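The values are calculated or read from the model by the stated rules, or taken from the named source; none is laboratory data. Values in this document were obtained by computation on a predicted structure and should not be read as measured data. Every residue, glycine among them, receives a Cβ derived from its backbone with ideal geometry; neighbour counts consider all protein chains shown.
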């Protein structure tokens, strides 16, 4: 799944929702630091230039997907699979995602 932060519309979308093996954040377009932090803050509990810790709750409650059993099960399976890599923060209930930048 790709969490898209879209500069032109100042919006967030989730693409490739059934692909739980390709978890990342893509910043599309140019955003100043404040606006980028504000938009990422809707999904991430923390971030730096390379990684964001995405809130499990934000993913589970994504409006168009929250009532889908396959989505909830897929998230649970993804979280279980990546724990061994240290990509889950148990304290903040967040999942580590690499940040990509696209023009």
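Checked against (1) closer than 17 Å to residue 99 by Cβ; (2) at pLDDT 95 or above, residue 78 meets all criteria but (1). Among the residues making up region 6-35, those that are more than 22 Å from residue 79 (Cβ to Cβ) and touching a helix residue (DSSP H, G or I) at 6+ places or on another chain (Cβ under 9 Å) are 6, 7, 10, 11, 27, 31.
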